[in-house]
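Single-structure report; data block below.
No lab work stands behind these numbers, since they all come straight from the coordinates. Just so you know, these numbers come straight off a predicted model, no measurement behind them. Cβ sites come from the backbone with ideal geometry, for glycine too, and all protein chains shown count toward neighbours.
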Amino acid sequence: MPADEQHERLSKQLDAELGDLAREGERLEHQIDEVRSQWRAKQADPALPGAVSPDSSDDSQADEQPQADDEPPSADRRDQRSST
């Protein structure tokens, strides 16, 4: 098989993979937005004591449970944790 044909085939394969990865990234982005929205709704609901808002003025739970961040860790912090 000539090199030009191999390169063309590889190019098409990589373009298809790029499209798949882009679609998956968009799907995950929408899923993250949905989960984040649900979490914020739970934080705002006083009937759910485990979903405490980070800016809550109730200091009695601060010593008992670590409070979750609204935002996921940055890529830099994730990389640091996985390298240790």
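I'd like to compare 9-18, 35-44: which one has the highest average count of other Cβ atoms within 10 Å, and what's the full order after that?
35-44, 9-18
Pop out the ³J(HN,Hα) list for region 5-20 in order, Karplus 6.51 cos²θ - 1.76 cosθ + 1.60 with θ = phi - 60°, rounded to Hz; leave Gly and Pro as x.
Whole-Hz 3J(HN,Hα) from phi for region 5-20: 5, 4, 5, 5, 5, 5, 4, 5, 5, 5, 4, 5, 5, 4, x, 4.
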